[in-house]
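Read-outs: derived from the displayed coordinates by stated rules, not from any lab. From a predicted model like this one, the values you see are computed outputs, not experimental measurements. Virtual Cβ from ideal backbone geometry, glycine too; neighbours counted across all protein chains shown.
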Amino acid sequence: MYQVHHHDCRTYPWPAEIDVIATDPPWADREAYLWLAEMAVEHLVENGLLIVQCGVPHLIDRANIFIAAGLSYCWTMNITYESKQQSTFGAGFINVWRPVLVFAKGKIKQRTMFYDTVTVLQSDGLIKQHHPWEQPLKPWIYWMEHLSAPGDLIADPFAGSATNGCAVKMLGDGRKYLGTEIDTDHCRAARQRLADVAA
């Protein structure tokens with residue numbers, strides 16, 4: 001099952017037991033992170049993981065939202081860009097990395113060792129073909145391999161172009177992906193992108 005539903009994530013009937021939530025909410029939308037924290041507490045299985053991107057300026061606030069909701073902080077991973085074309089972001093810093101927060105519901109499970117940083121090279125192709133905020137696929141294939149297990153259900157409430165769904169489908173092993181995307185055009189593009197990926 002690899003599905004993207006055209007739906008507002010806040011009113012979608014999410015399954016009672018989700019193994020992993022991997023998502024990328026609109027970074028400036030604090031309400032989206034507050035909702036996501038509640039959703040994760042309600043729907044993640046015991047020891048289930050929330051893997052969520054956020055902007056560097058919002059890192060502490062977003063982490064505190066998940067901690068206040070009762071989730072256990074595991075780690076901060078990051079996507080690093082070999083070469084970033086964006087201008088400086090606040091206080092004169094040139095931002096070349098993207099934080100990815102990892103939280104658990106309940107106790108944190110022991111896992112095999114893996115890198116918390118994935119560098120995206122120019123040669124990986126950084127063109128956003130499917131969505132204005134499309135994220136690179138390479139880190140998510142790597143992290144989903146280590147942070148999900150065969151047969152897991154991975155949910156993505158802010159699916160965008162279904163980058164996480166493509167990673168899940170490429171890994172296979174019975175992993176399932178369920179995403180929601182509120183924008184009609186983006187949902188259509190996400191579905192097509194997911195359909196084009198070989199399992």
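Tabulated values for the structure
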item	result
Under 30 Å, Cα to Cα: Lys pairs in the chain, sequence gap 8 or more or different chains	17
Model label zone, Phe114; criterion: amide N under 14 Å from point 7 Å along Cα-to-beta-carbon; scope segment 1-35	20-23
Nonlocal amide H pairs with Gln3, under 5 Å, H built at 1.01 Å	Tyr177, Leu178, Gly179
In Hz, Karplus ³J(HN,Hα) per residue of segment 113-118 (6.51, -1.76, 1.60; θ = phi - 60°; x = Gly, Pro)	5, 7, 6, 8, 10, 10
Where labels lie 7 Å past Cα in the beta-carbon direction, separation of Val45 and Ile67 in nm	2.8 nm
Residues whose placed amide H lies under 5 Å from that of Leu153, excluding near-sequence neighbours	Asp19, Val20, Lys176
Long-range amide H partners of Asn95 with built H, under 5 Å	Phe89
